[in-house]
Amino acid sequence: MLKAVLFDMDGVLFDSMKNHAEAWYQTMCEHHGFVCDRTLFYLYEGSTGAQTIDALFCEQRGRHATEYEIETIYREKSTCFTQLGPAEAMSGAYDVLRKVGAMHLTPVLVTGSGQASLIDKLSREYPGVFTSDHIVSAKDCPIGQGKPHPYPYLMGLQKAGGIAPSEAIVVENAPMGVQAGHAAGIFTIGVNTGPLDPQVLTDAGADLVLGSMEELAQRFETVVATHFAL
Ligand code: MG
């Protein structure tokens, strides 16, 4: 029986990925001379800032980034992201959350974000939906066990009341997030809210790929009825 829906945050509940990709692009490419397009940062979504910086150093400079480089570049990216302004709620996300509530399912947030203002941001757009004991964030994850590792979603199952993987749905937009949900053994819906080819979400292990949160809202009851015994 379905009991909980585990939501990623960036690119699922908030239309924030274009600001993240822009901040990464301005920092890494325009300021630090790396060469790539913005789409690359959608593929890196879910990995930590340090991993993203180091991956580009390894690929284009043939060496690891130093701790100093990671720290200063990441600070720069964060400042740039803040300057781009607050991200809006993802269109259709509130409709999905309302349906989750109407079906008496527990919504859980599972994000790699470490933003201190997470709960304020959530309660501004989605008041009363996520309680603080139903949130898994960067601070809950040991280093090296963030997405695509299944740990964050396994922790989400615990926070949902110690339920089984077969009693939950994951909603993710990023390939690494989909991998994490799939590796945790949970039915994973890939919602392709960015510029990637939807095939990357299928290849990452998504059980179902949809084009938007609006589409998920429209099809939510049918998806649940098709894949879960109520
Ligand atoms: Mg995401």
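Suppose every Lys and Arg Cβ carries +1 and every Asp and Glu Cβ carries -1, with no other charges. What dipole size does the chain come out with about its Cα centre, to the nearest 20 debye?
Once rounded to the nearest 20, the dipole reads 400 debye.
Rank Pro195, Phe220, Gly162 by how far each Cα sits towards the positive end of the charge dipole of segment 155-220 (+1 on Lys, Arg Cβ; -1 on Asp, Glu Cβ) and give me just the farthest.
With unit charges placed on the Cβ atoms, the residue in question is Gly162.
What number, in percent, do you get for the relative contact order of segment 17-153 if the mean sequence gap of Cα pairs under 8 Å and at least 6 apart is divided by its residue count? The partial results should precede the final answer.
Details: 114 pairs, mean separation 30.8, N = 137.
Averaging sequence separation for qualifying contacts and normalising by length gives 22 percent for segment 17-153.
What net charge do the residues around Asp54 carry, taking every other residue with its C-beta under 11 Å from that of Asp54, with Lys and Arg at +1 and Asp and Glu at -1?
-1
Sort Lys139, Lys77, Lys159 by accessible area with a 1.4 Å probe, largest first.
Values: Lys139 175, Lys77 10, Lys159 55 Å².
Largest accessible area first, the list is Lys139, Lys159, Lys77.
Provide Rg and Dmax in Å for the chain, with only Cα atoms included in the calculation.
Every Cα atom of the chain included, Rg and Dmax give 17.3, 54 Å.
Compute the distance from the alpha-carbon center of segment 163-182 to that of segment 39-64, in whole Å.
23
How long are the three semi-axes of the equivalent ellipsoid for segment 17-83, computed from the Cα gyration tensor as the root of 5 times each eigenvalue, in whole Å, largest first?
16, 13, 11
Could you work out the Kirkwood radius for segment 131-181, taking every pair of different alpha carbons, averaging 1/r and inverting it, reported in Å?
11.2
With each label point set 7 Å from Cα along the Cα-Cβ vector, what nm distance links Arg219 and Cys58?
3.5
Return the distance in nm (one decimal) between the two label points of a simple spin-label model at Ser132 and Glu69, each offset 7 Å from Cα along Cα→Cβ.
Computed distance between label sites Ser132 and Glu69 equals 3.9 nm.
Leaving out ligands, DNA and RNA, and with a 1.4 Å probe, what % of the accessible surface on the chain is carbon or sulfur? Please report the intermediate quantities before stating the final value.
Numbers: 5600 of 10590 Å².
Carbon with sulfur: 53 percent of the solvent-accessible area.
Compute the helix-to-body angle for 213-227: its Cα long axis versus the longest principal axis of the chain, expressed 0 to 90° and rounded to tens.
So the inclination is approximately 50 degrees.
Give me the angle, in degrees from 0 to 90, between the Cα long axis of helix 67-83 and the longest principal axis of the Cα atoms of the chain, rounded to the nearest 10.
The answer is roughly 60 degrees.
With a point put 7 Å past each Cα toward its Cβ, work out how far Asp197 is from Asp120 in nm, to one decimal.
Distance between label points: 4.2 nm.
The values are calculated or read from the model by the stated rules, or taken from the named source; none is laboratory data. The model shown is predicted, which means the values in this text are computed figures rather than measured ones. Glycine gets a Cβ as well: all are built from the backbone with ideal geometry, and neighbour counts include every protein chain shown. These area figures cover heavy atoms from the full protein model, side chains too; ligands, DNA and RNA do not enter into them. Shrake-Rupley method; radii C 1.70, N 1.55, O 1.52, S 1.80 Å.
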